[in-house]
Amino acid sequence: MRQLSSPIAGLVLGFIFGIGLIVSGMVDPANVKAFLDITGQTYGAWRPQLLAVLGAGVMVTTVIYILAKRRKHPLVEAGFHWPHATVIDRQLIVGSALFGVGWALAGYCPGPALVALGSFSSDAVIFVVAMAAGGSLQHILQHKLAPR
């Protein structure tokens, strides 16, 4: 039963997440770029509304983590998948910087870009293809450069 319920739960939760991204304006690169342009000189008036999206995301995630930590087993998986890395290293810093630069330049981050694919926006398609190519390149390089 867990194998069947996990994909269904993922689909339902992903759909709810996507609706939230649409309602919040996160799938519109103009909103994201205007939020990041706090001076308002490049993309018009600063749009601080996305701070509410950020705050809501942090609050929901915090509550879910607190509740999940109290459970012995997740609801629809065999076990929890907690992060193992606890160190801030060069790989994390470089990856975070690349993520931030990509987000600022394109106005998309991965979740909203995938949702925006539903609108058949050429910008979203190009971003997702580039994101997939970058992820594949990182995977290849990580395995080639990994110590044996």
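The values are calculated or read from the model by the stated rules, or taken from the named source; none is laboratory data. Since the structure is predicted, the reported quantities are computational estimates derived from the model, not experimental observations. Here the Cβ positions follow ideal geometry from the backbone for every residue, glycine too, while neighbour counts run over all protein chains shown. For the accessible areas, the whole protein counts, side chains as well, though only heavy atoms, and no ligand, DNA or RNA atoms are used. Shrake-Rupley method; radii C 1.70, N 1.55, O 1.52, S 1.80 Å.
Looking only at the range 63-115, which residues are open to solvent by less than 70 Å² (accessible area, probe 1.4 Å), assigned to a helix (DSSP H, G or I) and not hydrophobic (A, V, I, L, M, F, W, C)?
Scanning the range 63-115 gives Gly95, Ser96, Gly100, Gly102, Pro110, Gly111, Pro112.
Could you check, for the range 80-90, whether at least one of its residues is at pLDDT below 90, over 17 Å from the mean Cα position of the chain (by Cα) and of a type in the set (A, V, I, L, M)?
Within the range 80-90, one or more residues are at pLDDT below 90, over 17 Å from the mean Cα position of the chain (by Cα) and of a type in the set (A, V, I, L, M).
Among the residues of the range 7-29, which ones are more than 16 Å from Gly111 (Cα to Cα) and hydrophobic (A, V, I, L, M, F, W, C)?
Residues satisfying the conditions are Ile8, Ala9.
Restricting attention to the range 35-62, and to residues there that are part of a loop (DSSP other than H, G, I, E, B) and of a type in the set (S, T, N, Q), which single residue is most open to solvent (accessible area, probe 1.4 Å)?
Here the answer is Gln41.
Looking at the range 7-34 only, could you name the residues that are part of a helix (DSSP H, G or I), open to solvent by 30 Å² or more (accessible area, probe 1.4 Å) and not aliphatic (A, V, I, L, M)?
Residues satisfying the conditions are Pro7, Gly10, Gly14, Phe15, Phe17, Gly20, Ser24, Asn31, Lys33.
What number of residues within the range 116-130 satisfy the criterion of being part of a helix (DSSP H, G or I) and either aromatic (Phe, Trp, Tyr) or in contact with a Phe, Trp or Tyr (Cβ under 6 Å, 6 or more places away or on another chain) (or both)?
Count: 1.
Which residues, counting only those in the range 116-148, are of a type in the set (Ser, Thr, Tyr) and surrounded by 10 or more Cβ atoms within 10 Å (Cβ to Cβ)?
Those that are of a type in the set (Ser, Thr, Tyr) and surrounded by 10 or more Cβ atoms within 10 Å (Cβ to Cβ): Ser119, Ser121, Ser136.
Within the group Val115, Val128, Val87, which residue is in contact with a helix residue (DSSP H, G or I) (Cβ under 7 Å, 6 or more places away or on another chain) and more than 19 Å from Leu54 (Cβ to Cβ)?
Of the residues listed, the single one that is in contact with a helix residue (DSSP H, G or I) (Cβ under 7 Å, 6 or more places away or on another chain) and more than 19 Å from Leu54 (Cβ to Cβ) is Val128.
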